[in-house]
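Trainee: Have a look at the structure that comes next, please.
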Amino acid sequence: MTNSATSHLLPVFARVDLGFERGEGCWLVATNGERYLDFTSGVAVNALGHCHPHLVKALQEQSTKLWHMSNLFRSPDGDKLAARLCEESFADFVFFCNSGAEAMECVIKVVRRYHASKGHPERYRMITFEGAFHGRTLATLAATGSAKYLEGFGPPMDGFDQVPHGDLDAVKKAIGPQTAGILIEPVQGEGGVRSAPASFFKALRELCDQHGMLLAFDEVQTGMGRTGDLFAYRRLGVKPDVMSLAKALGGGFPIGACLATAEAASGMTPGSHGSTFGGNPLAIAAANAVLDVMLKPGFFDHVQKMSLLLKQKLASVVDRYPSVLAEVRGEGLLVGVRAVVPSGDLVNALREQKLLTVGAGDNVVRFLAPLIVTEAEIDQSIESLERACAALSATEKKKAAG
């Protein structure tokens, strides 16, 4: 990792000393001309790979028409995108913003405002879960609850009660007269590709219904096909009241969204929320183009097929290198491998083999292939993993011998 002495970028990222100049499909080309198989997908953003021709065409056409307008005026293309998202989901309304953290801010505001509009402003607290990651704003950091992210930014924003992931009894104990809702990721991405059984989510839905609370899903990483369906909640068979989207929604162009039922959104009146750039025409064009591709027949069949293939092949490598790898986990193409060696060492070793991956909590390395990945590219990723494991295994044996 390095921070260039000549860079004027705020040094909040420990960046790898590697830059890219172009990409195509599942591949990136570095500034030195070397090709890398990209299984980071911009951390689950480039769901259709790099420079997908349909997305390129949509942005090129939109760039000659309109770049920005105020939300004081109607957005026909924004209306179209919102209608498509509602048609494919539980939602009645959509608010567009620019990022996952902004989408989560809107989710939190929708939940709080709902109860205030019903005459219960004291109901503002949300139950969240250990290992979660909801964003980098002060509110979403408080919802995340991780000490390492909160350190140095003053007292955390009030209103979040964190409980162990998957612990239904702890959820029940945390419910009080001030509880407004429950916020959860269908699969914890940053937290280590951790999931709970569908029965847990069904129980959360029942608790929310019993106590007049809203159930909020954070689908910033799991949404838009990553788990093998357009939205992860559809695979769980549990509908939330409000949900965040971002990352893959624009296929690489920044856009986020908050989706809500009419009832959940009943407190969101004119002036209660807003965004200067939310619903930007370029972002809307990109997101509509992403939906064009993902809603074609067979798209998610392909994702599920590639998921099964990848996990089977990864499990085979785990079996052969138990001193390096421990287990495979995940849904769809949100796949994680828990390492025995430090996960950062595995990420570095894979990069040496021209395969780009990304770390997560619980000593996990995420394999976030673009959803258009081919069987041949999965085979190449496994070959890279084999070579990386062989190198790491040899290093471990030397340490043990020394």
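The values are calculated or read from the model by the stated rules, or taken from the named source; none is laboratory data. Model, not experiment: these values are computed from the prediction. Note: ideal-geometry Cβ built from the backbone for every residue, glycine included; neighbour counts use all protein chains shown. Areas reflect the complete protein model, heavy atoms only, side chains present, ligands, DNA and RNA absent. Shrake-Rupley method; radii C 1.70, N 1.55, O 1.52, S 1.80 Å.
Trainee: Straight-line reach only, C-alpha to C-alpha below 30 angstrom: list the lysines that LYS148 could link to, leaving out same-chain residues fewer than 8 apart.
Mentor: Leaving aside lysines fewer than 8 places away in the same chain, those within reach of LYS148 are LYS109, LYS172, LYS173, LYS247.
Trainee: Just need the relative contact order of segment 1-111 here, percent rounded to a whole number, with Cα pairs under 8 Å and 6+ apart.
Mentor: Over segment 1-111, the number comes to 12 percent.
Trainee: Follow-up question, since we're still on this one. Give or take rounding to whole Å, what are the principal axis extents of the alpha carbon atoms in the chain, in descending order?
Mentor: Sorted largest first, the three principal extents are 68, 55, 47 Å.
Trainee: Then there's this: Could you order PHE73, PHE253 so the one with the most accessible surface comes first? Probe is 1.4 Å.
Mentor: PHE73, PHE253
Trainee: What do you get for the angle between helix 343-352 and the principal long axis of the chain? Use alpha-carbon atoms, 0 to 90 degrees, nearest ten.
Mentor: Helix 343-352 sits roughly 60 degrees off the main axis of the chain.
Trainee: Sort GLU206, GLU190 from largest to smallest accessible area, using a 1.4 Å probe on the heavy atoms of the protein chains.
Mentor: Largest accessible area first, the list is GLU206, GLU190.
Trainee: Is it possible to state the helix-based mean residue ellipticity at 222 nm for the chain, with each DSSP H run of 4+ residues giving -39500 (n - 2.57), the sum divided by total residues, to the nearest 500 deg cm²/dmol? What is it?
Mentor: -12000 deg cm²/dmol
Trainee: Follow-up question, since we're still on this one. For helix 198-211, what angle does its Cα long axis make with the longest principal axis of the chain, in degrees from 0 to 90 and rounded to 10?
Mentor: Helix 198-211 sits roughly 20 degrees off the main axis of the chain.
Trainee: At 1.4 Å probe size, with no ligands or nucleic acids counted, give the accessible surface of SER384 in Å², nearest ten.
Mentor: In the full protein context, SER384 sits at about 10 Å².
Trainee: Apply 1/(1 + (r/R0)^6) to the Cβ-Cβ distance of GLU88 and GLU21, taking R0 = 51 Å, and write down the FRET efficiency to the nearest 0.05.
Mentor: The value I calculate is 0.90.
Trainee: Using only the alpha-carbon atoms, how far is helix 299-320 inclined from the longest principal axis of the chain? Give it as 0 to 90 degrees, nearest 10.
Mentor: Helix 299-320 sits roughly 50 degrees off the main axis of the chain.
Trainee: At 25 °C and a viscosity of 0.890 mPa s, what translational diffusion coefficient does Stokes-Einstein give for segment 50-148, taking Rh as the Kirkwood radius over Cα pairs? Give it in µm²/s as a whole number.
Mentor: Estimated diffusion coefficient is 147 µm²/s.
Trainee: When the chain is modelled as a GNM with alpha-carbon springs shorter than 10 Å, which of GLU263, GLU122, GLU21 fluctuates the most?
Mentor: GLU21
Trainee: Relative contact order of the chain: what whole-number percent is it, with Cα pairs under 8 angstrom and at least 6 residues apart?
Mentor: In percent, rounded to a whole number, it is 21.
Trainee: What accessible area, in Å² to the nearest ten, does a 1.4 Å probe give for ASP241?
Mentor: Approximately 20 Å² for this residue.
Trainee: Report ASP345's accessible area, 1.4 Å probe, all protein chains in place, as a number in Å² to the nearest 10.
Mentor: Taking all protein chains as shown, ASP345 has close to 60 Å².
Trainee: Follow-up. Where does each of SER63, SER89, SER381 land when they are ordered by accessible area, with a 1.4 Å probe and the largest first?
Mentor: SER63, SER89, SER381
Trainee: Run the dipole for segment 48-152 about the Cα centre, Lys and Arg Cβ at +1, Asp and Glu Cβ at -1, nothing else charged, and hand back the magnitude in debye, nearest 20.
Mentor: That gives a dipole near 220 debye.
Trainee: Compute the length gained on full extension between ASP77 and SER266: take 0.36 nm times their separation in residues and subtract their Cα-Cα distance, giving the result in nm to one decimal.
Mentor: Contour length minus Cα-Cα distance gives 65.7 nm.
Trainee: If you don't mind, there's one more thing I want to ask. About its Cα centre, how strong a charge dipole does the chain have in debye, to the nearest 20, once Lys and Arg get +1 and Asp and Glu get -1 at the Cβ?
Mentor: 140
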